[in-house]
1. For the chain, what is the mean residue ellipticity at 222 nm derived from helices alone (per DSSP H run of n ≥ 4: -39500 (n - 2.57); sum divided by total residues; nearest 500 deg cm²/dmol)?
2. If you line up the long axis of helix 2-18 against the longest principal axis of the chain, both from Cα atoms, how many degrees apart are they, to the nearest 10?
3. For Phe7 and Asp29, what is the calculated FRET efficiency with R₀ set at 30 Å and r taken between the beta-carbons, to the nearest 0.05?
4. For the chain, build the convex hull from the C-alpha positions and give me its volume per residue in Å³.
Amino acid sequence: MIRSFLFGALIGGAAVWIYRDQLREYVDDKTKVARSRAADTLQSAAEGLQSAKETLEGGLAGRERRTR
C-alpha cells in the first residue's frame, strides 16, 4: 500500500512538473475575476483607512472648530 502511494506521488509530481506552464495559465485564467475583485476591495479599504487617518489627524471635531 505504501509503495502504491509513493508511486502515485512520484507520477503526480512528474505530471505537475511537465505540465506546470499549462496549469499556471489555467489557474490564472480561472482566478482572474477573483483577483480583480480582491484588488478592488483592498483599494477601497486603503482609501477608507486614508480618510480615517486624515480625520484623526484633523481631530474628530475638525481643525476649523479648534481654531475658533
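1. About -31000 deg cm²/dmol.
2. Once rounded, the angle reads 60 degrees.
3. Working from the Cβ atoms, E equals 0.45.
4. Taking the convex hull of the Cα positions in the chain, it is 148 Å³ per residue.
Values quoted throughout were computed directly from the atomic coordinates according to the rules given, and no laboratory measurement underlies them. The structure displayed is predicted, hence computed values, not measured ones. Positions of Cβ are generated from backbone atoms using ideal geometry, with glycine treated the same way; all protein chains shown enter the neighbour counts.
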